[in-house]
Amino acid sequence: MSDSVALLRQTLPAVLPRLRRFARTLTRNVHDADDLAQVALERALLRAAQWRSPANATPEQIETAVRSWMFGIVKNAWIDNRRAHQRERRVVIGDDGITEVADGSHSALEQGLSIAAAMERLPEEQRLAVSLVLIEGLSYQEAADIMEIPVGTLTSRLSRGREALAASLGSKEQSA
């Protein structure tokens, strides 16, 4: 096993929580996110020999490189899955039909649910940009590379996503 492959295998467990969180942002479902993360890990391990560690990198730089590579694999696996199931669209609605279950004493939970719902309403390209930059904390360049778009396109999607989130959350606060 090459040194690069050994570093990759050693670093993967450290990036797994962030991969799962990113996958959850894409899929909007915990179980689908776990499946997506598993597919990405399988693909990464099958192609481990293709990954190259940055020369003379610190452990933090190696983790950043692995994370960026893995985010790209997650994104591509998600796109592949969506294409395979393009005709299948489903909407999950609670069995009880209740749309609001929290009272005023649960405002933090309610706010978190409002943010999650607002994120779900974003168009996919904006949700992806917001997730990578604002939630995962990647640089604009890293996020643009993962999304395979120019940085200017990323900043535009991020700006529109922020505006949509602010408008959605602002309208909820005003109506409450």
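Kindly list, by first and then second residue, each pair from a residue in segment 11-24 that is closer than 14 Å to residue 36 by Cα to a residue that is of a type in the set (D, E, K, R), limited to pairs with Cβ atoms under 8 Å and residues at least 6 apart or on different chains.
18/67; 18/136; 19/67; 20/34; 21/136; 22/136; 23/32; 23/34
For the subset of segment 6-50 comprising residues that are of a type in the set (Lys, Arg) and outside any helix (DSSP H, G or I), which member is nearest to residue 122 (Cα to Cα)?
28
Would you call residue 21 of a type outside the set (Asp, Glu), under 17 Å from the mean Cα position of the chain (by Cα) and modelled with pLDDT under 90?
The answer is no for residue 21.
Go through (1) at pLDDT below 90; (2) open to solvent by 30 Å² or more (accessible area, probe 1.4 Å); (3) not acidic (Asp, Glu) for residue 102 and report which single condition fails.
Answer for residue 102: the failing condition is (2).
Being among the polar types (S, T, N, Q), farther than 18 Å from residue 131 by Cβ, open to solvent by less than 90 Å² (accessible area, probe 1.4 Å) and modelled with pLDDT of 90 or more is true for just one of 11, 64. Which residue is that?
Every option except 11 fails the conditions.
Among (1) more than 30 Å from residue 116 (Cβ to Cβ); (2) in contact (Cβ under 8 Å) with a residue 40 or more places away in the chain; (3) among the aliphatic types (A, V, I, L, M), where does residue 6 come up short?
Going through the list (1) more than 30 Å from residue 116 (Cβ to Cβ); (2) in contact (Cβ under 8 Å) with a residue 40 or more places away in the chain; (3) among the aliphatic types (A, V, I, L, M), residue 6 breaks only (2).
Which ones in segment 31-58 are free of Cβ contacts under 8 Å to residues at least 24 places away in the same chain and either open to solvent by 70 Å² or more (accessible area, probe 1.4 Å) or touching a Phe, Trp or Tyr at 6+ places or on another chain (Cβ under 9 Å) (or both)?
Passing the criteria: 31, 33, 35, 38, 42, 46, 47, 50, 55, 56.
Among the residues of segment 82-90, is there at least one that is over 16 Å from the mean Cα position of the chain (by Cα) and either small (Gly, Ala, Ser) or at pLDDT 85 or above (or both)?
Among the residues of segment 82-90, at least one is over 16 Å from the mean Cα position of the chain (by Cα) and either small (Gly, Ala, Ser) or at pLDDT 85 or above (or both), which makes the answer yes.
In segment 121-173, how many are hydroxyl-bearing (Ser, Thr, Tyr), assigned to a helix (DSSP H, G or I), open to solvent by 20 Å² or more (accessible area, probe 1.4 Å) and within 21 Å of residue 64 (Cβ to Cβ)?
Number of matching residues: 2.
The values are calculated or read from the model by the stated rules, or taken from the named source; none is laboratory data. Fair warning: this is a prediction, and the values are worked out from it, not measured in the lab. Because the Cβ atoms are built from the backbone with ideal geometry, glycine has one as well, and the counts that use them run over all protein chains shown. SASA here: full protein model, heavy atoms, side chains in, ligands and nucleic acids out. Shrake-Rupley method; radii C 1.70, N 1.55, O 1.52, S 1.80 Å.
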